[in-house]
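The values are calculated or read from the model by the stated rules, or taken from the named source; none is laboratory data. A quick note: this is a predicted structure, and the numbers were derived from the prediction, not measured. A quick note on method: Cβ atoms are made from the backbone with ideal geometry, for glycine too, and the neighbour counts reach across all protein chains shown. Ligands, DNA and RNA are excluded from the accessible area calculation, which covers all protein heavy atoms including side chains. Shrake-Rupley method; radii C 1.70, N 1.55, O 1.52, S 1.80 Å.
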Amino acid sequence: MTNGEGPVESPITDAGSTGAERRCRFATFLMALTIGAWGFAIWQRLQVGEMTVAVWNGLVCAAVVLALLGVHRRRPWGYEWILPAKLMGGITSLVQAVQGHPWLAGVTALHVIAFALVLGSRNAFYPPPPGAKGGDRASPPTFEQWLRDNCEAVVVAFVLALVIRCFFLEVFKIPTGSMQPTLWGDQKDSATSQIRGAGDRIMVDKFLYALKPVERFEVIVFRFPLNTSRNFIKRAIGVGPEEILLYQGDVYYRKPGDSEFSAAHKPFRIQQSVWIPMPAFDIDPTRREQGVKENWDPPALAEWSCSSGELRFEAPPGTREPDFFKLNQGITDGYEGAPSYLQRESNGDARIRLTARRDTSESRLGLHLYCDADDFWISLGETGTFRRVRNGTSSAEESFGPLPELAAGQTSRIEAMLYDGICTVVLNGRKAGEFVYRNTYAELDRTAARRRGIEFGALAGSCSVENVKVDHDLFYLSAPPLGGGSILSEGTPFFVPAGKYFAMGDNSPSSHDSRLWREETITYLDDRNQTQTISGDTSSNFTDLDMVVLRNGRRYYGRVETRDDKMVKVTLDDTTRLIPRSQLDGEPRMRSVLRVNDLSGTERFIPHDRIVERRPEVHAPFVSDEEMVGRAFFVWLPLERVKLIK
């Protein structure tokens, strides 16, 4: 073929290049098969709820798709990308084949064959340079050059990942429910104790606290002071030097030089992320009147009805007293699904959310939130008002506002909330009004009768609402319901030294945190009859365990489950050991032992008769700067819970 400027050669002219083309086409076909296989593997994992493996398989599939595109288009980067893509896919499929999915062994074989085919087809990926004569083409890299470049890339990536993990970013899994509902741990079946839902996977910023100090209410990750091999995640409640005080679920603090305890107000962005839903109090208009009366007392005089998923009500004519729907049950400190013994305290910090519409221009919607001595009345219409009445007397009334207009005939999203001594109104996602009614502990009327609740209704004309929901705030208990020897007492100050932090879980009724940490010092005789002294966390008492002694003097503790002529099986927690009988020094025997984790995290088993002295436990409630790992900031798995941590 010719044109006006001379002959034009085909990009592929020699037999070797033609063979390379055929090998590339076959490799492309095999890679397409592996993509289909990975899609099926992802579907399998999703069916059984293994989100982490499904996401990883998705990443492998994406890497193979990228390699397929590069090979199909004969791009040099496709040749370079084939090694990491096939290495990633081959190892992953092989591991999962060993773990109980044998069909993936075939996928491993496909990856190996496709990799070999592309590796032997370098000529197909390096076309002639511009202006070259037919048959001249760019010189492909030698195998040694290609291997060296890829090894350098892998080493650099590994070093970068190591640096990032050590100094900047690390991922953790939440195993327990101490931070629920902010962060969820493993969900276990109560009957079988089998895990039916994996805990949240989070990312932790390890560099942040090198630039700024820890602030109150931040979610921190730290090494457990009594066992530094374990990482804990809690919320910072006390930041030394200061005194802290807990009263009715709220936190108060006094810095050195201050005369009074100040109320610890959570920042609004944090507060909006920690509300705990109470679905039992939601109104379901689709169930007609019965769906309302289950948890709400309807107004005595106002007309109301449920239809088309809406609750519609009209203010009674000629009356000046509000006639509202009233929540007829107390709001507790628990969360949905928590055992009843963890839902005992009355919580006055609550929020009501609803979608509302004023039917006419004269209509006015009213909300009433009250907590002990304080009543908050919110009126929304053409102009909004916001007032507080203290102890039920008009002489103690304060008005604030005005609030933005609630347009007639249009639906608006409304939130009204009490928390940490603050009353806030939010309209359509924007803060419309806020009143701080308690700045200090001294302003709290501790003699007032405990009365807490929520009401809503029409002050004038008719209104319609839907999606009525109730939430409550975190409630920090001085001591868990089941006891445990808390270092805190309700309403009693507690000092946090400089450089130390007092940490608590959001699920404070069942959180093992600063309130309960106790250190014990034990002196005992070791196997050589030498005196040893250790300190650590003794969270368990004496336990009867089988002791297996080997001929070399080593000892194992656990439960001897099966015995035969050749082997002894010893199980402790999730660890199982099979020990040949020929290595035993005598038969296993029962011993009463104390399991102790020392400060470094080493677990020791101390027989009862070897203990010389066991000193009384002392509280060890503080986290130090040296034990701080970083701030948790992001949930990345499971996918349905991906969010920023606030």
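When you count the other C-beta atoms within 10 angstrom of each residue and take the mean per peptide, 285-294, 158-167 line up highest first as 285-294, 158-167. Protection proxy ranking of 234-246, 631-643, by the mean of other Cβ atoms within 10 Å over each peptide's residues and highest first, is 234-246, 631-643.
Here the label points at residue 173 and residue 615, each 7 Å from Cα along the C-beta direction, are separated by 3.8 nm in the simple model.
Highest mean first, how do 518-526, 609-617 rank when packing is the count of other Cβ atoms within 10 Å averaged over residues?
Working: 518-526: 16.7, 609-617: 12.2.
Put in order of decreasing packing, that is 518-526, 609-617.
Using Cα pairs closer than 8 Å and at least 6 residues apart in sequence, work out the relative contact order for segment 228-271, in percent.
Details: 35 pairs, mean separation 10.3, N = 44.
So the answer I get is 23 percent.
In a fully extended conformation the segment linking residue 287 and residue 489 would gain 68.2 nm over its present Cα-Cα distance, using 0.36 nm per residue.
How large is the accessible surface per residue of segment 546-646, computed with a 1.4 Å probe and reported in Å² as a whole number? Counting only protein heavy atoms, the per-residue value for segment 546-646 is 60 Å².
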